[in-house]
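Below you'll find the structure, written out as structure tokens, and then a few comments.
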Amino acid sequence: MSGILLKPQGKGPFPAVLISHGLGGSAQSFGMMKAREMVQWGMVCIAPDYTHNARAAGEQRAKGSRDMGGFGASAENLRRAKTCIELLKQMPEVDGTRIAAYGHSMGGFVTIGLAASEPALLKACAITGSGVASQDGYPAPSEAAVAKIRTPFLMLHGAQDSTVRPTQSEALKSILDRNKVPNDRLVADDQSHPIDQTMRDEVFRLVREWFEKQGVLKRP
């Protein structure tokens with residue numbers, strides 16, 4: 001397991017965030033890009049490489065394979081995510097009561113799966129271009145699995161997303177609403193899958209405001 005870790009200057013204790021990349025991404029590319037912004041918010045940022053990283057995705061394409069069973073919210077990726085949270089909690093610079101998670105696409109599947117598997121682990125979550133699956137057996141967690149989530153969720157989605165359909169985040173919202181879990185879902189009419197890039201500043205602003213609203217970050 002490899003990844004990146006960025007810390008603000010000072011001793012803290014600081015809030016922290018787990019950053020999870022999508023298919024073909026990596027800790028060094030996606031993770032570092034997001035961490036450079038979030039560390040300026042005063043957050044310790046950690047991002048691991050998942051099984052759906054750039055190398056694995058490239059090997060899959062070379063083989064002509066479409067098997068994604070070990071990608072997304074797989075047991076191995078959830079293990080890596082939980083290990084990152086454990087590392088954060090062991091750091092004296094981190095406030096273990098203020099740990100959040102953010103993920104895009106398959107990284108969002110990991111974020112959702114982590115919140116479902118450990119309902120009390122995270123203080124807030126945010127996802128872009130992500131959601132749930134109707135049943136087990138997919139990289140996205142199933143609707144049945146996410147019924148355990150108690151973590152507040154922000155969902156940002158492009159209405160024209162054909163990679164992860166907007167109905168997948170809509171289904172997650174319906175489950176959270178039914179269970180009275182705080183959440184917000186915003187859909188951008190003219191945007192497709194890479195909403196985290198095409199609406200970069202707006203996405204960062206919304207995620208930061210969500211973390212502030214949920215008490216992960218202190219309001220300025």
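The values are calculated or read from the model by the stated rules, or taken from the named source; none is laboratory data. Because the structure is a prediction, the values reported are computed rather than measured. Note: ideal-geometry Cβ built from the backbone for every residue, glycine included; neighbour counts use all protein chains shown. Please note that ligands, DNA and RNA were not included when accessible areas were found on the heavy atoms of the full protein model with its side chains. Shrake-Rupley method; radii C 1.70, N 1.55, O 1.52, S 1.80 Å.
Here are some residues: 196, 161. Which one is more than 15 Å from the chain's Cα centre (by Cα) and either within 20 Å of residue 22 (Cβ to Cβ) or of a type outside the set (Val, Ile, Thr) (or both)?
When all the criteria are applied, what remains is 161.
Take the conditions buried (at least 18 other Cβ atoms within 10 Å of the Cβ) and either in contact with a Leu (Cβ under 6 Å, 6 or more places away or on another chain) or closer than 18 Å to residue 111 by Cα (or both) and apply them to residue 128. Does it pass?
Answer is yes for this residue.
For the stretch 165-194, enumerate the residues that are hydrophobic (A, V, I, L, M, F, W, C) and farther than 16 Å from residue 126 by Cβ.
Correct list: 171, 175.
Within the stretch 146-180, can you find the residues that are free of Cβ contacts under 8 Å to residues at least 40 places away in the same chain, open to solvent by 10 Å² or more (accessible area, probe 1.4 Å) and among the aliphatic types (A, V, I, L, M)?
Residues satisfying the conditions are 147, 159.
Being open to solvent by 30 Å² or more (accessible area, probe 1.4 Å), polar (S, T, N, Q), modelled with pLDDT under 95 and in a helix (DSSP H, G or I) narrows it down to one residue among 9, 60, 28; which is it? Break it down into steps so the answer makes sense when it comes.
Numbers: 9 fails: in a helix (DSSP H, G or I); 60 fails: open to solvent by 30 Å² or more (accessible area, probe 1.4 Å).
One residue alone meets the criteria, 28.
Scan 123, 89 and give me the residue that is surrounded by fewer than 24 Cβ atoms within 10 Å (Cβ to Cβ), over 17 Å from residue 71 (Cα atoms), in contact with a Lys or Arg (Cβ under 8 Å, 6 or more places away or on another chain) and modelled with pLDDT of 95 or more.
Unique residue meeting the criteria: 123.
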